[in-house]
Amino acid sequence: MLNIQNLTYLQGGTPLLQNVNLQAFADQRIGLVGKNGCGKSTLFRLIRGEIKADSGEVSLQSGKTIAFVEQEIANSDLPALEFVLDGDVELRVLEKTLAKENHDTAWFDAQHRYEAIDGYGAKARAAQLLNGLGFANDTLERKVESFSGGWRMRLNLARALMHRADLLLLDEPTNHLDLEAILWLEQYLARYPGSILLVSHDREFLNACVNRIAHVHDCTIDTYSGDYDDFERTRAERIAQQNQAFERQQEKIAHMEDFVRRFRAQATKAKQAQSRIKALDRIQRIAAVHITDGHFELEIEAPERSPDLLLRAEKMGFAYGDKTLFSNIELVLRAGARIALLGPNGAGKSTLIKLLVGELQPTTGKLEFTPDIRIGYFAQHQLENLDSAATPLQHMERVAPKETTLTLRSFLGRFGLASDSEDRPVATFSGGEKSRLALALLAWQKPHLLLLDEP
């Protein structure tokens, strides 16, 4: 269905992908994995035709279609349900034909096709998608522009799922989802009738959704059958075997080189030594394997001094108009606390976080903060606030204008944003790289209180 052959793509003159080959066949679920910045999102853009390869080709079988999630935050005055229905392009074309008063041959053909794709059940299917992704029934007629950025990304996902495509491209689809929506999406993808190419860093999600892994590393792609756990196990075995072969070869080379050194000058052994020199030249060297998948230890430094009491809520409540989310909350938050906030969609988890960070004010009761405490707040929608034209280094220079460039580069390196990443504009970043930059900006504050909303 999808065939990628000898593909090379240069980024700033340097190969990001080189002589890459990958095929996706019917009913395959392929997990695309690799460290941030290795080229996964770029490969998706190449498949969609948004950018051109420097060499090689990407081809899709004739008549096959691709669906993907738009990464731009949707801003439409359409109702949510209609916005999602627009994802089924064929459905909308048929509806326009059927709206005509002239019932000619084209109209009857459209009628038959409409019935074949169950056009009459399309609205119900769209509503089920939205419900599964956390939208309540009373929000389905709300305008898209009235939703927050994170919820609009969910709308983009629902719209892509509505497409009925032969190949579905999903780039970090769980970024804006809570646990319930992730579990629903796992079940939905298990029943998806087409093929799937999925980028994710979520091991459990990959294990539940894929039957093949495409590992992007060192400008190339290796494929493995099975889920993510199978991939890790098989790859570890391959690496162990290659390193064992490398060590055996190094012993053989050392033995031959030692023979040459000892006997090259001796007339009786010179011929044998020369033979070994030629043999050394013919050896195809095995490289040692070093695993560099971008794993790093993330450490957010604690402030130099921290008060014991950070904040206190007394009989705190919040309501949107006549709808009360919660009331009479009593909360004392002290230094060193580790609290997980759980609850169903719409219960008010994100609202409570926004109250604690000061973006909203309680409608009843009171919320008091210890003076001068620093609060670090991370949520996926904050990635929209990054300056797409600026580099990570420029972002850091704005929050720490008096620091040296060397200090800021070293700090970014702790978040996996070293080398060329710190000098590239954010517009070229993957979702994972943007999240690392947002965390770096947050960590620089050395916050007393860290609030993480679906990190």
From Asp171, Asp227, Asp178, Asp166, grab the single residue that is among the acidic types (Asp, Glu), buried (at least 19 other Cβ atoms within 10 Å of the Cβ) and touching a Lys or Arg at 6+ places or on another chain (Cβ under 6 Å).
Asp166
Scan the stretch 218-226 and give yes if some residue there is under 27 Å from Leu179 (Cβ atoms) and in the same structural domain as Gln71 (by TED's automatic domain parsing), otherwise no.
yes
Any idea which residue in the stretch 393-419 is modelled with the highest pLDDT, counting only those that are crowded, with 16+ Cβ neighbours inside 10 Å and over 29 Å from Arg305 (Cβ atoms)?
Leu393
Scanning the stretch 203-221 for residues that are charged (D, E, K, R) and surrounded by fewer than 16 Cβ atoms within 10 Å (Cβ to Cβ), which turns out nearest to Tyr9 (Cα to Cα)?
Asp218
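Conditions (1) at pLDDT 95 or above; (2) under 28 Å from Val199 (Cα atoms); (3) surrounded by fewer than 21 Cβ atoms within 10 Å (Cβ to Cβ), marked per residue:
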position: Tyr114; (1), (2), (3): no, no, yes
position: Leu133; (1), (2), (3): no, yes, no
position: Asp138; (1), (2), (3): no, no, yes
position: Gly149; (1), (2), (3): no, yes, yes
position: Leu155; (1), (2), (3): no, yes, no
Return the only residue of Phe369, Phe429, Phe411 being aromatic (Phe, Trp, Tyr) and closer than 30 Å to Lys323 by Cβ.
Phe369
Can you tell me how many residues in the stretch 249-288 are part of a loop (DSSP other than H, G, I, E, B), of a type outside the set (S, T, N, Q) and either out of contact with any Phe, Trp or Tyr (no Cβ under 8 Å at 6 or more places or on another chain) or at pLDDT 85 or above (or both)?
5
Is there any pair linking a residue in the stretch 323-337 that is in contact (Cβ under 8 Å) with a residue 40 or more places away in the chain to one that is surrounded by fewer than 10 Cβ atoms within 10 Å (Cβ to Cβ) and outside any strand (DSSP E or B), with Cβ under 8 Å and at least six apart or on different chains, and which?
Leu333/Ile339; Ala335/Asp308
Does the stretch 192-200 contain any residue that is in contact with a helix residue (DSSP H, G or I) (Cβ under 6 Å, 6 or more places away or on another chain) and more than 22 Å from Met1 (Cβ to Cβ)?
no
Residues of the stretch 235-287 satisfying the condition of being closer than 30 Å to His215 by Cα and among the small types (Gly, Ala, Ser):
Ala236, Ala240, Ala245, Ala287
Tally time: how many residues in the stretch 125-161 are part of a loop (DSSP other than H, G, I, E, B), out of contact with any Phe, Trp or Tyr (no Cβ under 9 Å at 6 or more places or on another chain) and over 19 Å from Asp77 (Cβ atoms)?
1
Residues Glu403, Glu454, Glu397: which one is of a type in the set (Asp, Glu) and within 20 Å of the chain's Cα centre (by Cα)?
Glu454
Residue by residue through the stretch 202-232, note down the ones that are in contact with a Phe, Trp or Tyr (Cβ under 8 Å, 6 or more places away or on another chain) and free of Cβ contacts under 8 Å to residues at least 40 places away in the same chain.
Arg203, Asn207, Tyr224, Asp230
Gln242 fails exactly one of the following numbered conditions: (1) polar (S, T, N, Q); (2) in contact with a strand residue (DSSP E or B) (Cβ under 9 Å, 6 or more places away or on another chain); (3) in contact (Cβ under 8 Å) with a residue 40 or more places away in the chain. What is the number of that condition?
(2)
Any chance you could count how many residues in the stretch 131-146 are free of Cβ contacts under 8 Å to residues at least 60 places away in the same chain and touching a Lys or Arg at 6+ places or on another chain (Cβ under 8 Å)?
2
Within the stretch 64-89, residues being more than 24 Å from the chain's Cα centre (by Cα) and modelled with pLDDT under 90 number 2
Can you name every one of the helices (runs of 4 or more DSSP H) wholly within the stretch 56-123 that holds 1 or more residues which are closer than 24 Å to Lys143 by Cα and in contact with a Gly (Cβ under 7 Å, 6 or more places away or on another chain)?
89-98
Looking for whichever is loosely packed, with under 13 Cβ neighbours inside 10 Å and either within 23 Å of Tyr192 (Cα to Cα) or among the charged types (D, E, K, R) (or both) here; the options are Lys64, Lys96. Which one fits?
Lys96
Condition check for Phe231: in contact with a Ser or Thr (Cβ under 8 Å, 6 or more places away or on another chain), at pLDDT 90 or above, in a helix (DSSP H, G or I) and within 20 Å of Ala24 (Cα to Cα):
no
Among the residues listed as Arg235, Arg248, Arg282, Arg261, the single one being more than 19 Å from the chain's Cα centre (by Cα), within 21 Å of Val20 (Cα to Cα) and without any contact (Cβ under 8 Å) to a residue 24 or more places away in the chain
Arg235
On the given criteria, is Arg436 in contact with a Phe, Trp or Tyr (Cβ under 9 Å, 6 or more places away or on another chain), surrounded by 16 or more Cβ atoms within 10 Å (Cβ to Cβ) and charged (D, E, K, R)?
yes
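The values are calculated or read from the model by the stated rules, or taken from the named source; none is laboratory data. On a predicted model such as this, the values are computed, not experimentally measured, just so you know. Don't worry about glycine lacking a Cβ; one is built from the backbone with ideal geometry, like all the others, and counts go over all protein chains shown.
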